[in-house]
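Reviewing the structure listed below.
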Amino acid sequence: MTTAVKKDMTQTKQYPGLFRRIGAWIYDALVVAAVLMLAGGLAMAVIALLLSTGLLNLGNYADASEYLTRHPIAAPLYSVYLGGSIVAFFGYFWCKAGQTLGMRAWKLRIQNADGSNIRFTQALIRMATSAFGLGNLLVPFSHTKQSLQDLMAECEMVLLPKPN
């Protein structure tokens with residue numbers, strides 16, 4: 001009986017089009033901007049704490065912002081930290097719930113073909129191959145409306161049914 005239910009579920013899958021994906025992408029871009037502001041604020045708080053305790057000296061830098069963006073060691077570390085914040089955001093939401101906040105608003109879910117959540121390695125592959133959203137341009141040419149990142153990560157994005 002469970003195989004009949006699984007067959008019915010795979011036959012009734014609906015896949016989102018390009019514009020729905022772009023809508024979720026724009027929504028998530030706004031959320032990521034907020035996440036980056038929080039991460040930057042946290043970094044500035046750590047710098048302020050280090051300055052107040054005397055563990056850090058800005059030297060010739062005018063302020064903490066210039067220090068974080070121009071120092072030969074601090075600048076790359078800060079960039080990696082901000083990039084890691086983005087990876088953590090998408091990785092957490094895709095692996096735990098199958099949806100980011102933007103995907104939830106647009107009724108989208110990323111999942112494996114069997115309906116299970118994707119693994120973190122799949123999330124990393126998906127992020128690496130998305131080309132900042134340009135991978136979605138493959139959607140109109142795919143019969144299952146899969147993007148490049150979906151194909152590369154061996155997962156699918158589905159349109160969730162409206163609640164009754």
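Screening the chain for DSSP H helices whose Cα atoms reach 20 Å or more along their own axis and whose mean Kyte hydropathy is at least 0.0 gives 18-53, 74-96.
Using DSSP to define loop residues, name the chymotrypsin sites (Phe, Trp or Tyr not before Pro) in the stretch 71-111 whose beta-carbon has at most 11 other beta-carbon atoms within 10 Å.
Values: sites: Tyr78, Tyr81, Phe89, Phe90, Tyr92, Phe93, Trp94, Trp106; in loops: Trp106.
Hits after loop and neighbour filter: nothing returned.
Any idea how far the Cα center of the stretch 93-157 sits from the one of the stretch 72-86, in Å? Value for the Cα centre distance between the two parts: 26 Å.
Kirkwood hydrodynamic radius (Cα pairs, Å) of the chain?
Numbers: mean 1/r = 0.0555 Å⁻¹.
Evaluated over the chain, this radius sits at 18.0 Å.
When all protein chains stay in place and ligands, DNA and RNA are ignored, the 1.4 Å accessible-area order of Ile86, Ile47, Ile26, largest first, is Ile26, Ile86, Ile47. Across the chain, C-alpha contacts under 8 Å between residues 6 or more apart give a mean separation that, scaled by the residue count, equals a relative contact order of 28 percent. Ranking Gly83, Gln14, Ala48 by how far each Cα lies toward the positive end of the dipole of the chain (charges on Cβ) leaves Gln14 at the top.
May I ask you to give the percent of accessible area on the chain that is carbon plus sulfur, with a probe radius of 1.4 Å? All intermediate terms of the calculation are to be shown ahead of the outcome.
On the way: 7050 of 10420 Å².
Reported share for carbon and sulfur atoms: 68 percent.
Farthest toward the positive end of the dipole of the stretch 39-164, out of Thr121, Val158, Ala62, is the Cα of Val158, where the dipole comes from beta carbon charges about the Cα centre.
When the Cα atoms of the stretch 109-164 are enclosed in a convex hull and the volume is divided per residue, what value in Å³ results?
Output value, Cα hull per residue: 94 Å³.
In plain terms, the chain from Ile22 to Ala34 could stretch by 2.5 nm, reckoned as 0.36 nm per residue minus the Cα-Cα distance. Accessible surface calculations at 1.4 Å, restricted to protein heavy atoms, place the stretch 28-135 at 58 Å² per residue.
The values are calculated or read from the model by the stated rules, or taken from the named source; none is laboratory data. In this text the structure is predicted, and so the values were computed from the model without any measurement. Backbone-built Cβ (ideal geometry, glycine too); neighbour counts: all protein chains shown. Side chains included, ligands, DNA and RNA excluded: accessible areas come from the protein's heavy atoms. Shrake-Rupley method; radii C 1.70, N 1.55, O 1.52, S 1.80 Å.
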